[in-house]
Amino acid sequence: MQRLRVLMTVLGVAEAVSGLYLVTNSLSVAISVWGDEGVSQRCCRTQGEAHAGLVTFAGVLLLAVAAWGILTALQFPTRKPGLRISARAYCWTVLALALPLFALIPFLGLLLLGVAIVALAWTNDRDIRTWFSDGRFGAAGE
């Protein structure tokens, strides 16, 4: 149980840092992905400037998913009934978010993909299932 909690917290922190970077540097990230050529007039925006809002949205989405993972991991000691399902849903979401990252930055995408698969496997581990099902609601330390 502890290993899954630590892994989800590390995933959440990594996503939070990435999301914060995307939000604070959205224009430079958009220009590096979509480029800034093609417009020579002052009236129009470049492709990078036009997509900066999309990068900001992706950063906010990463921050929200990171908060979900961290809050789920922090609530593990309570053994609430839906926490294991929330952890599995979080891992599937991280897995889905790793695929676009793999297309842009293969090394980081592959790393996130591998960690998400390991976390997803750990959520279905027999010891973790037993730990969540054996505990009485709200009686983690008893």
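The values are calculated or read from the model by the stated rules, or taken from the named source; none is laboratory data. These figures come from a predicted structure and were not determined experimentally. Note that each Cβ is placed from the backbone with ideal geometry, even for glycine, and that neighbours are counted across all protein chains shown. Only protein heavy atoms, including side chains, enter the accessible area calculation; ligands, DNA and RNA are left aside. Shrake-Rupley method; radii C 1.70, N 1.55, O 1.52, S 1.80 Å.
Okay, here's what the table says:
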| read-out | value |
| --- | --- |
| Ala87 vs. criteria more than 30 Å from Asp134 (Cβ to Cβ), in contact (Cβ under 8 Å) with a residue 24 or more places away in the chain and surrounded by 15 or more Cβ atoms within 10 Å (Cβ to Cβ) | no |
| Region 56-77, residues that are touching a residue at least 40 places away in the same chain (Cβ under 8 Å) and open to solvent by less than 50 Å² (accessible area, probe 1.4 Å) | Gly59, Leu62, Val65, Ala66, Ala67, Gly69, Ile70, Thr72, Ala73, Phe76, Pro77 |
| Wholly within region 68-142, helices (runs of 4 or more DSSP H) carrying at least 3 residues that are at pLDDT below 90 and more than 30 Å from Trp34 (Cβ to Cβ) | 126-134 |
